[in-house]
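What follows is a short report on a single structure.
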Amino acid sequence: MRTANDAAGVTAELAAVPAHERVALVDPRFVGHVHTLRLALTDPRFPAAAVRGALSVQPEARTALARAVTAATATARISGSGGGAPTAAPARALGPAESLERETAPAGVPATVPGRAGQARPPLGSAPRPGADAGGGDAGAASSADAAAHASGEYTESRSRSRSRTRPSGTAAAPGAHSRVDDLAAALDAEGVPVHRPELGVLVAAVPADALSRAKAQDAVDAVDDERVRLRSAVKSRDGFFTTFCISPYSRYIARWCARRGLTPNQVTTASLLTALIAAACAATGTRPGFVSAGVLLIASFVLDCTDGQLARYSLQYSTLGAWLDATFDRAKEYAYYAGLALGAARADGDDVWALALGAMVLQTCRHVVDFAFNEANHDATGNTSPTAALSGRLDSVGWTVWVRRMIVLPIGERWAMIAVLTAFTTPRITFYVLLVGCALAACYTTAGRVLRSLTRRAERTDRAAHALAELADTGPLAELVAKAASRGPSSYLAPLSAALGAAAVLAGTAAAGFGSWVPVGCAVLYAVLAGVAVAAPLKGPLDWLVPPLFRAAEYGVILILAACSEVNGALPAAFGLIAAVAYHHYDTVYRIRGGTGAPPHLLVRAIGGHEGRTVAVTAAAALLHHRNQGFTIALTALAAALALAVLTESIRFWVSSGAPAVHDETGEPA
């Protein structure tokens, strides 16, 4: 921690902090909750964040902060020559070498631990550890906010559990004293740097002007237990019924237990994956004890899956890698469990349910692509109004309808609970039947609602949204050639119509002709042509978000139909592996876009053929190798291995070395 007595001193202290580090400024008169400072100073997702009297700035906004401080220095000099401006309180520039000490540190005692960021010690159960998921080596810069508040002599941590009175949101304190830290935050806003100001609710952040105001602010701090607020805010504000009422009431305490022992969200995510893989192995035994154990372990895995996100929110350990791991591991767990059920059914009574397992995976993946594409298309649409959306908003005011609609879409909590119970008490075939029916109804409900919204809203989609949809389309070289030759202007419905016709043609042709015919190859070529027509113009139409899910349904469906019709030993498990590899690539694309880094390199997309190229390749393999005993299975296995190697290598390289901004799923949208 470094102390500056004026604006010039702040400039000098900031200059001493390496440019790649995060810094924070805290007014020494600050009075407030520890968690208020965490929210302002330790969240790595924003270039700048502030509450009353405290400001943190990420490396990308350091230049703007330096300009703001320089301007403040010039203003202070003019004021000092007789301008009569208010005297600024000294600010504290927190460098990278400090971290939070234990929350029990006495008030007024500096609680800093000198050393490199990676060696600093955070308090148990509080801010992120330097070098952990919350932004790597720059975490220590903001983590010393609590120490600054303690060292100022003006802040006493007190979490009274004996007082029950609370204050309404937004009444943290009277306007209070003028603070140069707040001036700097306003200057960053004026420069175009988005300054995140967290919603504090009943938490307190104040810069008192006198002793009486300070006493009132301290009473307000004592009246609110910030640990209870912190635990409550660790849970998503919008989640499924099962998760909200059956998991979150106790998983938040598991998250706190993990935080106090220095565990990171990524470690909990990995534990959840391992638990689910053990559950899949139990299901694969094909015995009733194995099925019961699998159901119990699947629920345990889901508890850990909830815990990792709550731990991230509790300790503000957000990262792009963590969001990506959380999402992709969810899919890996679910699909591995499907494979375990299929193996268990074969061992139990020789029942072949691989087609059902593959169908469940295809349906669930297509549902997610619908979600992703719709959200990206409407992420920043202007004039985004719809009577359907207005009706949904009115229904939200009727409490029970909210939970009914959340359960209808069969989110991950309800889905996994249903799978676990059915696994324990029925057979894999019944489990898959119920799962397919439930997911199909949910898909129809959500897709129909989104189509209706898109048709009734008057929205203009941006170039960014069109670019995101083009990346989600996963177009390969064949469709690109057609798109260049069929260059056209924007059209309201031509893109989804072309995609739908192509998907229908290849699926119907493959199903009608069956395995071994050349008809599916011709249909696949027609599909590639129509796919090129669909992406020949920017995807800005009202229903253009349907293009990526239609492409996914066509590609996955062709593989499923050919494998199911082939009656070749091992073809369905090989097809399961191939679709899993391709689906991984598509999820990887989604989370790169969400992280603000764009899709995987275009060279990789071209190298793996794009969706239309892979469809042509699979249909050609079926036509060429139908007379050979295991030829089609070997071809699917080889293609799956090659795709998995290519996409995993690039994906791991990217996520390990990525400089993408930290993100986390705060939408609460059920997965």
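Each Cα pair of the range 277-325 feeds into the Kirkwood radius, which the Stokes-Einstein equation turns, at 4 °C and 1.567 mPa s, into a diffusion coefficient of 106 µm²/s. Net charge in the neighbourhood of Val268 (other residues with Cβ under 10 Å of its Cβ; Lys, Arg +1, Asp, Glu -1) is -3. When Trp416, Trp403 are compared by accessible area at a 1.4 angstrom probe, the order from most to least is Trp403, Trp416.
Per the 1.4 Å probe, what fraction of the accessible area of the range 178-283, in percent, lies on carbon and sulfur atoms? Answer for the range 178-283: carbon and sulfur cover 60 percent of the accessible area.
Within a straight-line Cα-Cα reach of under 26 Å, Lys540 can be paired with the following lysines, leaving aside sequence neighbours fewer than 8 residues apart in one chain: Lys484. Only protein heavy atoms count here; under a 1.4 Å probe, Glu191 has an accessible surface of about 80 Å².
Put Asp371, Asp463 in order of accessible area, highest first, and with a 1.4 Å probe you get Asp463, Asp371.
Each peptide in 495-502, 258-265 was scored by the mean count of other Cβ atoms within 10 Å over its residues; highest first, the order is 495-502, 258-265. Using a probe of 1.4 Å on the protein chains alone, the accessible area found for Asp210 is around 70 Å². Averaging Cα coordinates gives a centre for the range 608-626 and one for the range 521-545; these two points are 18 Å apart. Scanning residues 5 or more positions from Ala48 or on other chains, those with amide H under 5 Å from its amide H are Gln58, His196, with H placed 1.01 Å from N in the peptide plane.
With every protein chain in place and a 1.4 angstrom probe, the accessible-area ranking of Thr462, Thr423, largest first, reads Thr462, Thr423. His627 contributes about 120 Å² of solvent-accessible surface, heavy atoms of the protein only, 1.4 Å probe. For the range 166-291, the Kirkwood estimate of hydrodynamic radius, built from reciprocal distances between every pair of different alpha carbons, is 19.1 Å.
The values are calculated or read from the model by the stated rules, or taken from the named source; none is laboratory data. All figures in this text were calculated on a predicted structure; none of them were measured in a lab. Every residue, glycine as well, gets a Cβ built from its backbone with ideal geometry; the counts of neighbours run over all protein chains shown. For the accessible areas, the whole protein counts, side chains as well, though only heavy atoms, and no ligand, DNA or RNA atoms are used. Shrake-Rupley method; radii C 1.70, N 1.55, O 1.52, S 1.80 Å.
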